[in-house]
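Notes to accompany the following structure.
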């Protein structure tokens, strides 16, 4: 049997719905017999077709759970990557998602992993675990933040076994702190029902309305200054993108407000925007020196520049990369604002950020997406 059309349409639906997935995030899979079809690493859900999936043997995937790997995370990663590639069926040269083993754990045919802004406003908040319990009781399995890939798979496996022992069933919904949610179902209708129900339940808890994200005209930079910046960035082979709206203004108009977002919330924040962001006065002759000082301090050019009272600049090697960075960073602003309803934001730690920044699997995903 080939990949079902329902998985392709289900993937395209969530990949093109900004309430659930932005940039290249998210993942989907389908199981039947010994076969598991899952989105390949680095392939966006939006517009995906049959060629964007990899088929693997579930029996071979199950062996990963009981295999012994190196304690060195970098050596372990290479060992697991080999086992994942060896589990592939057919002649696809694509690399299976790092979350493949996690999807294989779940006893439902369809699995959809998304990063909804509203849900992540809860999952990236101080009170995430407590409020999940209050809102949903025992129906949701809540997994504290764990490094993605093998570590997340093993932690979820452990907690899933405990859940099954206690409740004698599988959860249809799993919340991953500072990451996203996983919905499982017998058919696509199950996935849609649970996804919409969860989003509505969380949205009902927000205390404040999200400021508008409609673009304002323009970012108010002096035309000559913008021209100079464009020339400078392009001399470094960087594409600049400028944005301003009511949400951005709330954070960039006052430096203290911007500090609320100086840390990434999720792995995708690090992948698309890195972990440090430049805040600069929009005065002539100030931005470029600040930009160069940032490079000296952190060893890389900022993906995001906040200009005091003027808006944001995102940078990338091309327009697509700059647009993805802008989209993801604005999502961070939304999460930061909405998490105020749940006792405030809860960021990734330095150690967690370092793992993602140096993780070969994410570097591979970056290279495929660019």
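The table for this structure:
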quantity	calculated
Residue 61 in a strand (DSSP E or B), farther than 23 Å from residue 356 by Cβ and outside the structural domain of residue 322 (by TED's automatic domain parsing)	no
Failed item, numbered, when residue 121 is tested on (1) in contact (Cβ under 8 Å) with a residue 40 or more places away in the chain; (2) surrounded by fewer than 21 Cβ atoms within 10 Å (Cβ to Cβ); (3) in a helix (DSSP H, G or I)	(2)
Residue in region 64-74 that is crowded, with 17+ Cβ neighbours inside 10 Å, assigned to a loop (DSSP other than H, G, I, E, B), touching a helix residue (DSSP H, G or I) at 6+ places or on another chain (Cβ under 6 Å) and modelled with pLDDT under 95 present	no
Residue list for region 231-250, filter: in a helix (DSSP H, G or I) and surrounded by fewer than 16 Cβ atoms within 10 Å (Cβ to Cβ)	231, 232, 234, 235, 246
Selection status of residue 228, closer than 30 Å to residue 309 by Cα and either at pLDDT below 95 or not in a strand (DSSP E or B) (or both)	yes
Some residue of region 90-113 being surrounded by fewer than 16 Cβ atoms within 10 Å (Cβ to Cβ) and either in contact with a helix residue (DSSP H, G or I) (Cβ under 6 Å, 6 or more places away or on another chain) or part of a helix (DSSP H, G or I) (or both)	no
Region 129-143: number of residues that are surrounded by 13 or more Cβ atoms within 10 Å (Cβ to Cβ) and touching a helix residue (DSSP H, G or I) at 6+ places or on another chain (Cβ under 8 Å)	8
Qualifying residue in region 146-165 (condition: surrounded by fewer than 21 Cβ atoms within 10 Å (Cβ to Cβ) and in a strand (DSSP E or B))	no
The one condition in (1) out of contact with any helix residue (DSSP H, G or I) (no Cβ under 7 Å at 6 or more places or on another chain); (2) not assigned by TED's automatic domain parsing to the domain that holds residue 338 that residue 237 fails to fulfil	(2)
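For (1) out of contact with any strand residue (DSSP E or B) (no Cβ under 6 Å at 6 or more places or on another chain); (2) farther than 17 Å from residue 149 by Cα; (3) touching a residue at least 24 places away in the same chain (Cβ under 8 Å), each residue gets a yes or a no:
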position: 71; (1), (2), (3): yes, no, no
position: 77; (1), (2), (3): yes, no, yes
position: 83; (1), (2), (3): yes, no, no
position: 87; (1), (2), (3): no, no, yes
position: 92; (1), (2), (3): no, yes, yes
position: 97; (1), (2), (3): no, no, yes
position: 103; (1), (2), (3): no, no, yes
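The values are calculated or read from the model by the stated rules, or taken from the named source; none is laboratory data. Predicted, not measured: the structure shown is a model, and the values here were computed from it. So basically every Cβ, Gly included, is an ideal-geometry build from the backbone, and we count neighbours across all protein chains shown.
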